[in-house]
Amino acid sequence: MAADIFCQIIAGTLDTEVVWRDETVVAFLDHRPVFKGHVLVCPARHVESLLDLPGELMQPLLATAQRVARAMGPALGADGSFVAMNNVVSQSVPHLHVHVVPRSKGDGLRGFFWPRTRYAAGEEADYAARLRVALDTP
Ligand code: AMP
């Protein structure tokens, strides 16, 4: 099976602007940024989505996302950042990647389109109960 494009970037066979690389994590510029300086932070080894991420990679992945987010102030003059990942649905590259997008007050991004709904009476408790069962919440 052909390697996904992020495996190719990580292997160095596809050109991109890498901003961080160590044994476990690689971060590079998204080529179609929401705002310039938008970075994708990936596990160096092929991991498809958050559900497949081994425990030992969680800390390095999030720590790198935090470092990148922190760098956006001094490097880009950003006031903050938006940090997110798509898992399966809306995930266009099947290699886990954390988006770190620089944000500035008044940058015009009104948030991603997240239409909100409301719970019917009693429904909120039912949803919470179903999740507690799946999570084995004591
Ligand atoms: P998602 O839709 O959350 O899976 O995000 C995938 C991201 O990968 C998109 O924001 C794309 O712009 C970005 N992308 C796709 N191909 C490349 C590439 N060759 N180099 C850099 N970024 C890429």
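The values are calculated or read from the model by the stated rules, or taken from the named source; none is laboratory data. Small disclaimer: the values here were computed from a predicted structure and weren't measured. Methodologically, a virtual Cβ is constructed for each residue, glycine included, from the backbone with ideal geometry; neighbour enumeration extends over all protein chains shown. Accessible surface areas use protein heavy atoms only, side chains included; no ligands, DNA or RNA. Shrake-Rupley method; radii C 1.70, N 1.55, O 1.52, S 1.80 Å.
Most tightly packed first, judged by the mean number of other beta-carbon atoms within 10 Å of their residues, the peptides 93-102, 54-63 read 93-102, 54-63.
Which angle from 0 to 90°, rounded to the nearest 10, does the C-alpha axis of helix 123-135 make with the longest principal axis of the chain? Compared with the principal axis, the helix lies near 60 degrees.
Taken about its Cα centre, the range 5-114 carries a charge dipole of about 400 debye when Lys and Arg each add +1 at the Cβ and Asp and Glu each add -1 at the Cβ. How far is helix 55-76 tilted, in degrees, relative to the longest principal axis of the Cα atoms in the chain, given as a value from 0 to 90 rounded to the nearest 10? Once rounded, one gets 70 degrees.
Sites count as exposed loop sites when they are chymotrypsin sites (Phe, Trp or Tyr not before Pro), lie in a DSSP loop, and have at most 11 other Cβ atoms within 10 angstrom; the longest stretch of the chain without one is 1-111.
Proximity of backbone amide H atoms, modeled 1.01 Å from N, is registered between W20 and A27 at under 5 Å, excluding neighbours fewer than 5 places apart on the same chain.
Qualifying trypsin sites (Lys or Arg not before Pro) in the range 21-75, where qualification requires a DSSP coil assignment and no more than 10 other C-beta atoms within 10 Å, comprise K36.
Helical runs (DSSP H, four residues minimum) scored at -39500 (n - 2.57) apiece and divided by the length of the chain put the mean residue ellipticity at 222 nm at -10000 deg cm²/dmol. Between Y119 and D22, the contour length at 0.36 nm per residue exceeds the alpha carbon distance by 30.4 nm.
Applying 1/(1 + (r/R0)^6) with r as the Cβ-Cβ distance of A128 and D15 and R0 = 41 angstrom yields a FRET efficiency of 0.30.
Think of the chain as a dipole: +1 on every Lys or Arg Cβ, -1 on every Asp or Glu Cβ, centred on the Cα centre; then among V68, M85, T117, T117 lies furthest on the positive end.
The HN-Hα couplings worked out from phi for the range 20-33 by the Karplus form 6.51 cos²θ - 1.76 cosθ + 1.60 (θ = phi - 60°) are 7, 8, 9, 5, 10, 9, 10, 10, 8, 5, 5, 6, 10, x Hz, whole numbers, x standing for Gly and Pro.
For the range 5-114, the share of accessible area belonging to carbon and sulfur comes to 57 percent (1.4 Å probe, ligands and nucleic acids excluded). Gain on full extension, evaluated as 0.36 nm per residue between L62 and L109 minus their Cα-Cα distance, stands at 14.5 nm.
The residues neighbouring V88, those whose beta-carbon lies less than 12 Å from its own, together hold a net charge of -2 under the Lys/Arg +1, Asp/Glu -1 convention. The trypsin sites (Lys or Arg not before Pro) of the range 71-135 that meet both conditions, a loop assignment by DSSP and at most 15 other Cβ atoms within 10 Å of the site Cβ, are K105, R110, R116, R118. Residues whose amide H comes within less than 5 Å of that of R103, counting only those at least five positions distant or on another chain, are D79, G80, S81, F82 (H built at 1.01 Å from N in the peptide plane).
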